[in-house]
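Visitor: What follows is a single structure, and I will ask about it in a moment.
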Amino acid sequence: MTNENIQPCEQHLDEETVFMVSQTFKALSDPTRIRILNLLCTKEHSVNEIADILDLGQSTVSHQLRFLKNLRLVKFRREGTTLFYSHDDDHIMNLLKQSIEHATHT
């Protein structure tokens with residue numbers, strides 16, 4: 001299956017690009033971050049909602065969201081004192097979906 005919109009791999013990558021790609025894969029290599037991104041795939045959630053739904057500590061969720069936000073993979077909006085997070089990169093969400101489909105393919 002080919003996609004005409006996908007460009008062939010570059011012959012040479014600058015150091016900044018290599019670093020950003022490695023950080024993206026680092027983000028996707030952590031089970032907790034995968035679970036958070038998967039949850040945010042369909043709708044936004046507050047930190048407490050994420051913690052409750054995924055049965056994680058609030059500090060764990062906050063730490064992981066900070067990591068994802070620094071990579072611009074999630075964004076937030078404030079409503080009063082509550083922050084609501086959502087995904088911020090369709091490319092990464094598509095990569096995540098494809099990875100999940102690959103892992104569950106029988």
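Just so you know, all these numbers are worked out from the coordinates, no wet-lab data involved. The model shown is predicted, which means the values in this text are computed figures rather than measured ones.
Visitor: If amide hydrogens are placed 1.01 Å from N in the peptide plane, which non-local residues have theirs closer than 5 Å to the one on ASP88?
Guide: The list, which skips near neighbours in sequence, is VAL74, LYS75.
Visitor: Ratio of Rg to Rh for the range 52-104, alpha carbon only, Kirkwood?
Guide: For the range 52-104, the value is 1.03.
Visitor: Relative to the present Cα-Cα distance, how much length would full extension add between THR106 and ASP30 at 0.36 nm per residue of separation?
Guide: Here the answer is 25.0 nm.
Visitor: Hey, what number do you get for the chain at 222 nm if only DSSP H runs of n ≥ 4 count, each worth -39500 (n - 2.57), divided across all residues, to the nearest 500? Can you show the working numbers first?
Guide: Values: 5 runs with 60 residues, N = 106.
Using -39500 (n - 2.57) per qualifying helix, the result is -17500 deg cm²/dmol.
Visitor: Would you list the membrane-span-like helices of the chain, meaning whole DSSP H runs whose alpha-carbon atoms span at least 30 Å along their axis and whose mean Kyte-Doolittle value is at least 1.0? Please list the in-between numbers first.
Guide: Numbers: long enough: none.
Qualifying helices: none.
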